[in-house]
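Inspection log for the structure reproduced underneath, given as structure tokens.
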Amino acid sequence: MKKGKKYLQVAEKIDSTKVYSIEEACALVKETSTVKFDATIDVSFRLNVDPKYADQQLRGTIILPHGNGKTKKVLAITRKHEEAKAAGADYVGDKDMLEKIQKENWFDFDIIVATPDMMGELGKMGRLLGPKGLMPNPKTGTVSMDIAKAITEIKAGKIEYRVDKQGNIHLSIGRVSFDTAKLVDNLNVVVETLLKVRPASVKGQYVKNCVVTTTMGPSVKFTFNGR
């Protein structure tokens with residue numbers, strides 16, 4: 001794809017032969033944003049994992065200390081209506097909300113959290129919710145008896161990570177308007193989490209490559225201790 005003049009200009013600030021520290025990469029990715037709006041900053045990891053093995057199907061959640069600048073609309077499927085509302089859920093209900101999704105094709109939300117007693121009803125909608133990545137799962141904390149805690153964590157900056165078939169993980173860690181220090185904090189938490197979940201069966205280099213990038217901007221390679 002042909003790159004625009006502005007992209008080429010900012011790309012010159014990045015040494016393609018260099019692997020930057022986390023602090024340097026976070027500062028540089030802000031400086032090389034090419035768009036006028038408050039661009040999202042993403043991080044991508046190429047890992048030495050093979051998701052066809054169960055122990056290498058990395059999936060979980062991370063609470064970013066400063067959030068990632070994206071506000072998620074939460075639908076709470078529970079009978080604990082007042083608790084869910086008090087915790088900040090955007091929509092609260094049980095069977096009535098599930099009927100609304102089915103009958104009206106309503107999807108004005110980003111994530112569903114549910115109490116375990118509602119999973120029987122939600123399970124019937126697996127074919128509808130599953131392909132959209134909306135089915136609640138205990139592994140990601142979206143199925144919980146403590147519905148208020150689950151909602152609060154999401155609103156505070158909890159994000160989900162999941163390795164794809166090629167062994168890659170992609171996450172949003174903030175926006176260009178974030179202070180560099182906040183981006184560094186967020187990225188360090190992501191790195192620490194991925195190091196903790198390294199499968200014991202993985203031998204040799206665990207992280208093959210990692211970059212940060214902005215919407216439509218050039219990528220910046222970075223490294224870290226423990227890689």
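Per residue, the accessible area of segment 1-45 comes to 63 Å², computed with a 1.4 Å probe over protein heavy atoms only. For the chain, the longest principal axis of the alpha carbon atoms and the long axis of helix 180-196 meet at an angle near 70°. Counting only protein heavy atoms and a probe of 1.4 Å, the accessible surface of the chain is 49% carbon and sulfur. Taken along its principal axes, the alpha carbon cloud of the chain reaches lengths of 56, 44, 33 Å, longest axis first.
Taking a quarter of the surface of the Cα convex hull of segment 1-63 gives a mean projected area of 7.2 nm². Placing +1 on the Cβ of every Lys and Arg and -1 on the Cβ of every Asp and Glu, with nothing else charged, gives segment 1-153 a dipole about its Cα centre of roughly 640 debye. Heavy-atom accessible surface of segment 87-145, averaged per residue, reaches 53 Å², computed with a 1.4 Å probe. For segment 46-129, the Kirkwood radius over C-alpha pairs fed into Stokes-Einstein at 20 °C and 1.002 mPa s yields D = 142 µm² per second. Ellipticity at 222 nm from helices only: DSSP H runs of n ≥ 4 in the chain, each -39500 (n - 2.57), divided by the residue count, give -8500 deg cm²/dmol.
The values are calculated or read from the model by the stated rules, or taken from the named source; none is laboratory data. Computed from a predicted model, the values in this text were never measured in an experiment. Neighbour counts are summed over all protein chains in view; Cβ atoms, including those assigned to glycine, are modelled from backbone coordinates with ideal geometry. With ligands, DNA and RNA removed, areas are computed over all heavy atoms of the protein, side chains included. Shrake-Rupley method; radii C 1.70, N 1.55, O 1.52, S 1.80 Å.
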